[in-house]
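The values are calculated or read from the model by the stated rules, or taken from the named source; none is laboratory data. Just so you know, these numbers come straight off a predicted model, no measurement behind them. Cβ: placed from backbone, ideal geometry, glycine included. Neighbour counts: every protein chain shown. Surface accessibility is based on the protein's heavy atoms, side chains included, excluding ligands, DNA and RNA. Shrake-Rupley method; radii C 1.70, N 1.55, O 1.52, S 1.80 Å.
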Amino acid sequence: MIQESNYWLTTISMPPPTAGDLPTRVDAAVIGAGFTGLSAACTLAKRGAQVAVLESHSIGWGASSRNGGMVLTGVKLSPETLAKRYGMELTRQMYADSLASIDLVEQIVCDENIDCNFSRCGHLEVACKQSHFDAYARSAELIAKEFHHGLRIVPRGQLSKEIGSTIYFGGMIDETSAAVHPAQYVAGLARAAMNAGARVYENAQVQQITRASHDGTSGFQIATSRGKVFARDVLIATSGYTSAATPALQKKIIPIGSFIITTEQLSEAVAKELSPRNRMIYDSKHYLHYYRLTPDNRMLFGGRAAFFPETQNTIRRSAEILRRDMVQVFPQLRDTKIEHAWGGTLDFCFDTMPHAGQLDSMHYALGYAGHGVAMATYLGAKVAEKICGGKDELLYAGIPFPGAPLGLYSGKPWFLPFAGAYYKVLDWIS
Ligand SMILES: Cc1cc2nc3c(=O)[nH]c(=O)nc-3n(C[C@H](O)[C@H](O)[C@H](O)COP(=O)(O)OP(=O)(O)OC[C@H]3O[C@@H](n4cnc5c(N)ncnc54)[C@H](O)[C@@H]3O)c2cc1C
């Protein structure tokens, strides 16, 4: 039986957190020590703000150390869907932001000297049906025409140059996307934030936030499992782990599980056969698979094998499903050992969009829906600039942020089995 273990964490050590008691007051409290929170903390500290990052568990404990490390262009929804919903001008800005978010990750990695295998290896999307492949050409045309960004279509006959699998109907490549070792990256962000003067407190679960004032400054009193701290500004960066401590946001976030297995190390020859150009790869289904080689040549294979977030049970069941699915894609791995399996929680909003702005006078950035490595870094930094008095409007603050239809949701996603079944049917018929 496969035991739960996160491969990424077996290869790194996280920096030590700030020692000692919480300060009595700070300029800004950031809740959550993932990409969003640490990127924000770094920006805030560099602008001279006193910052405390409050983290329930440990640095990078959430999705930021558990993900596939795919630094992807675009957002979860296709440009066609975005254009229908928001119009072409806003879609253009969203696409440009997604490209800027990758540039920002690259710049941080370079400026802060973060050793995290960042590489612009590009991504490959593979079509599970002929109709999906046909749609690639339309998508690439729209992206070229409206956003001046080039994607390359790979017909089925040429796909072997990109992937050692024969099950797909063709592919589409974006050379701008990148790869990163996510746990090394989040560890590097934490080091950068602390070097800039931010304090990062582990085992500091935020339990309640109330309006308060301190020496004539209005702000928030934050009660944590390690004591209280007053902050003039609060940024909620809790993503799929958003809890009853921030009830208004919890009602807008659907926590959905995503799971990953990694194989034992592959020989150089097999690794090259499976992924000759070392791309970040995902398929065209709603119940999608995403996969890549790790820096030490393991196949990392992920998917939404169970919809509920990670528990021993969902991880074990997902590992079995993912192993079966991986062998369908790569029969070459039939006898290859699985050495690691883990899960993490994605943050889906009801409109499948990222959101950043203010609710109950507190700042937030979340809703990345599995596209968060770059966007979380970017929105964390953008919200931090706003807190420091920046005048730039936040793109994702200007779009509607819907809650559940008819308000039938209090933060416990009772409807996930139905949603899972719905998407399975959609994959079958579309
Ligand atoms: C399995 C998996 C694979 C993924 N693959 C990719 C990928 O390849 N590419 C991509 O772009 N995106 C991917 N994602 C999404 C990406 O990882 C996330 O969008 C991103 O990490 C979100 O970062 P974050 O800092 O907002 O949240 P997180 O990293 O989840 O951090 C939130 C933190 O908040 C803390 N917290 C919550 N409540 C409280 C509280 N009350 N008090 C104190 N602390 C609290 C949590 O402990 C947690 O550490 C994946 C996600 C998962 C789960």
Classify region 286-415 from the C-alpha gyration tensor, please: rounded if a/c falls under 1.5, else prolate or oblate depending on whether a/b exceeds b/c.
prolate
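Taking a 1.4 Å probe, which of Asp134, Asp360, Asp351 shows the most accessible area, and what order do the others take after it?
The most accessible residue leads, giving Asp360, Asp134, Asp351.
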For region 190-283, run through the GluC sites (Glu not before Pro) and keep only the ones in DSSP coil with at most 13 other Cβ atoms within 10 Å of their Cβ.
Glu264
At R0 = 30 Å, how high is the FRET efficiency between Ser361 and Arg85 if r is their beta carbon distance? Nearest 0.05 is fine.
0.60
Size of electric dipole in region 245-378: Cβ of Lys, Arg +1 and of Asp, Glu -1, about Cα centre, debye, nearest 20
220
Once you charge only the Cβ atoms, +1 for Lys and Arg and -1 for Asp and Glu, what is the size of the charge dipole of region 99-177 about its Cα centre, to the nearest 20 debye?
600
Fully extended contour minus Cα-Cα distance, from Ala135 to Glu320, at 0.36 nm per residue
63.4 nm
For the chain, the fraction of alpha-carbon pairs in successive 20 Å shells from zero, as %
27, 59, 14, 0
Hey, can you rank 290-302, 110-122, 161-173 by average C-beta count inside 10 Å, highest first?
290-302, 161-173, 110-122
The chain - charge dipole about Cα centre, Lys and Arg +1 at Cβ, Asp and Glu -1, debye rounded to 20
640
Identify all lysines with a Cα-Cα distance to Lys145 below 23 Å; exclude those on the same chain that are fewer than 8 residues away in sequence.
Lys76, Lys84
Once label points are set 7 Å from the Cα along Cα→Cβ at both Thr166 and Ser119, what is their separation, rounded to one decimal in nm?
2.8
Which peptide among 76-83, 389-396 comes first, and what is the full order, when sorted by highest mean count of other Cβ atoms within 10 Å?
76-83, 389-396
Between Tyr287 and Gln265, 0.36 nm times their residue separation minus their Cα-Cα distance comes to what?
5.3 nm
Placed amide H near Asp283: partners under 5 Å, 5+ positions off or other chain
Val126, His289
Against the 2.2 N^0.38 Å rule of thumb, the C-alpha Rg of region 1-122 sits at a ratio of 1.30
Ratio of alpha-carbon Rg to the 2.2 N^0.38 Å globular estimate for region 13-61, to two decimals, please.
1.09
Among Ile254, Ala179, Ser98, whose Cα sits farthest toward the positive end of the charge dipole of the chain (+1 at Cβ of Lys/Arg, -1 at Cβ of Asp/Glu, about the Cα centre)?
Ile254
Assuming R0 = 35 Å, can you tell me the calculated FRET efficiency for the pair Ser78 and Glu273, based on Cβ-Cβ distance, to the nearest 0.05?
0.70
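Can you check how the C-alpha radius of gyration of region 95-181 compares to 2.2 N^0.38 Å, as a plain ratio?
1.25
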Test of understanding: in a Gaussian network model of the chain with alpha carbons linked when under 10 Å, which of Val270, Val75, Val234 would top the mean-square fluctuation ranking?
Val270
What is the local net charge at Glu202, summed over the other residues whose Cβ is closer than 15 Å to its Cβ (Lys, Arg +1; Asp, Glu -1)?
+1
Tell me the label-point distance for the pair Gln93, Ile153, using the 7 Å Cα-to-Cβ offset, in nm and rounded to one decimal.
3.2
